[in-house]
Amino acid sequence: VTGVFDRIGGQSRHRFAVLDLATGAALTPVLPSAVGSLDVGIAVSGNRVYLLGNCRPGPYVLCAYDLDLSPLPGWTYPEVDYPLLASSSAIFATRRIVGGTFTSRMLKLDPMTGTEVAWADLTTGGGAVGTMALAGSRLYLGGDFTSINAVPRTRLAAVDVATGALEAWAPRV
């Protein structure tokens, strides 16, 4: 869990804790002391934990750990924004483009290194991506956007996980 706290379950934990599902007790793994704070980005896949925060000096970056919270060797610490979604084959994140209106560029990252994987260049118009879900070969996007690559999509869209191609699915919400 992440949040604005310094203690959880009676244990000292700064903004991040691993909890026992049955009891809610804070478990032993803790982040390295170099980690200052975390944003709202957290994703877990297999034996990896990905966190958006300042795990190294500078801007917030995507940090990667194994289950005992040891940093992954060879990780590139990409600058990304939330939301985050991790699977065994990819990490999906956004990079916000600040201008007149917030927009998002979708990113597909290698889960072993954090490097960007070749994928379609997907950019939202009229707003940013706020949430993502993965189902089969589709990545579903939700947010306050009105288009993806200038194709009308009202707050919901689906893209092909492998290619990044925009799917025909286009509900209006």
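The values are calculated or read from the model by the stated rules, or taken from the named source; none is laboratory data. This one's a predicted model, so the numbers in the text were calculated from it and none came from an experiment. Cβ placement follows ideal geometry from the backbone for every residue including glycine, while neighbour counts extend to all protein chains displayed. Protein only, heavy atoms only, side chains kept; ligands, DNA and RNA dropped before computing areas. Shrake-Rupley method; radii C 1.70, N 1.55, O 1.52, S 1.80 Å.
Carbon-plus-sulfur accessible fraction, the chain (probe radius 1.4 Å, protein heavy atoms only): 56%.
In the complete set of protein chains, residue-level accessible area for SER137 is approximately 80 Å², probe 1.4 angstrom.
Ranking SER45, SER70, SER12 by solvent-accessible area of protein heavy atoms (1.4 Å probe, all protein chains present), from largest to smallest, gives SER12, SER70, SER45.
What does the net charge come to around LEU166 if you take all other residues with beta carbon closer than 13 Å to its beta carbon, with K and R at +1 and D and E at -1?
Values: positive: ARG138, ARG153; negative: ASP121, ASP160, GLU167.
Charge balance near LEU166 sits at -1.
Computed over protein heavy atoms with a 1.4 angstrom probe, the accessible surface ordering of ARG153, ARG138, largest first, is ARG138, ARG153.
Comparing mean-square fluctuations of ALA43, ALA64, ALA26 from a GNM of the chain with C-alpha springs under 10 Å, the top value falls on ALA26. Charge tally around ASP144: other residues with Cβ under 13 Å, Lys/Arg +1 each, Asp/Glu -1 each, net +3. Electrostatic tally near PRO111: other residues with Cβ closer than 13 Å to its Cβ, Lys and Arg +1, Asp and Glu -1, net -1. When the chain is described by a simple charge dipole with +1 on each Lys and Arg Cβ and -1 on each Asp and Glu Cβ, the residue from GLY9, THR154, LEU27 located farthest towards its positive end is THR154.
Around the Cα centre of the chain, unit charges on the Cβ atoms of Lys, Arg, Asp and Glu (plus for the first two, minus for the last two) sum to a dipole of about 320 debye. Using a probe of 1.4 angstrom and keeping all protein chains present, the accessible surface of the chain works out to 50 square angstrom per residue.
Principal axis analysis of the Cα atoms in the stretch 43-173 yields extents of 43, 34, 24 Å, listed in decreasing size.
With the Cα gyration tensor of the stretch 51-103 giving a ≥ b ≥ c as the square roots of its eigenvalues, does the rule (a/c under 1.5 for rounded; else a/b larger than b/c for prolate; else oblate) give rounded, prolate or oblate? The partial results should precede the final answer.
Working: a/c = 2.87, a/b = 1.62, b/c = 1.77.
In terms of gyration-tensor shape, oblate.
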